[in-house]
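Just below is one structure, and these are the notes that go with it.
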Amino acid sequence: MAHHGGGGRPEHLVASIPGRLREARPSISFEFFPPKDDDAEAQLWTAIRQLERVRPAFVSVTYGAGGTTQDRTVRVTGRIADETSLTPLAHLTCVGASVRQVRQVVGQYASSGVRNILALRGDPPGNVRGQWTAHPEGLDHADQLVALISGLGDFTIGVAAFPDVHPDSPDLDHDVEVLVRKADAGASFAITQMVFDADSYLRLRDRVAARRDLPITPGLMPVTNVRQIQRMSELMGTPLPAAVVGRLEEVKDDPVAVRAVGVQIATELGRRMLDEGAPGIHFITMNRSTATLEVFDNLGL
């Protein structure tokens, strides 16, 4: 078991994620969600152990929809820090939390040795597409959260990016300005929502790169069942590309074929973005390893 504190923290806990994003080898990372029960937790840890073997640059654990599961997220992230060789990226949102409570969560992460935090505004609780309302004693935007974390210690801070335009944003210009503000507040890298259109990712990346040095890693998820399509579109707040939906709909009655097409689409997207200079791929795993590892192998990573 690793020990933390002082100047003797293990290397994997103090590793610089922006530094890894600038290495010649593409940075591969994995995203998990907190388990709801013991069986789901066992499945999560099976996936973590299988994916640990490919030595990702970092892994992250999300909050549940609307900021739920915060306690479990903090616990699982701390356990990753303590029991694995993986570099954890801790999620933190503004949802339903006062500034005092946010400070407490940052303190919990710090006490686990975690030094990398992904700062997010978060989605409205109960309805991801509902009206956002800040906690009366909380924060209203992710750049405010970045600034708060920056003042609390020696943290490396990442933020979210939205290639298909944030659902609350009027246009891409506004999203670029938001990312610039986040960088100015102290963010040093960004991870996108899951990408289903490589051109959208490249457009956002290039627009931001013209303004700030902020490496942006695309999120990628191999779709393994057709029901995921509608859910992904709902969470993203934007329709999925017709070409992607059409390829999956063509084989919707054959689960094996759906999975194969989903892996193929993810492989094509990943290859295009890496060929165009993406710093890496952030795999959204849904707490399963096999489809993710297939895409990883297909990309020769």
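Taking the Cβ of Gly270 as the centre, find all other residues whose Cβ is under 15 Å away and add up their charges (Lys, Arg: +1; Asp, Glu: -1). In short, -4. In terms of its alpha-carbon gyration tensor, the range 80-235 comes out rounded; the largest-to-smallest axis ratio a/c stays below the 1.5 threshold. Take every DSSP beta bridge whose two residues both sit in the chain; close to 0 percent of them are antiparallel. The Rg/Rh ratio of the range 219-301, with both radii computed over alpha carbons and Rh defined as the Kirkwood radius, is 0.95. Highest-first packing order for the peptide set 164-172, 113-121, 290-298, 182-190 is 113-121, 182-190, 290-298, 164-172, based on the mean count of other beta carbon atoms within 10 Å.
Take the convex hull of the alpha carbons in the chain; its mean projected area over all directions comes to 14.9 nm².
Laboratory data are not the source of any read-out in this text; all were calculated from the coordinates shown. Everything quoted here is computed from the prediction, not taken from an experiment. Cβ coordinates were reconstructed from backbone atoms using ideal geometry, including for glycine residues, and neighbour counts include every protein chain displayed.
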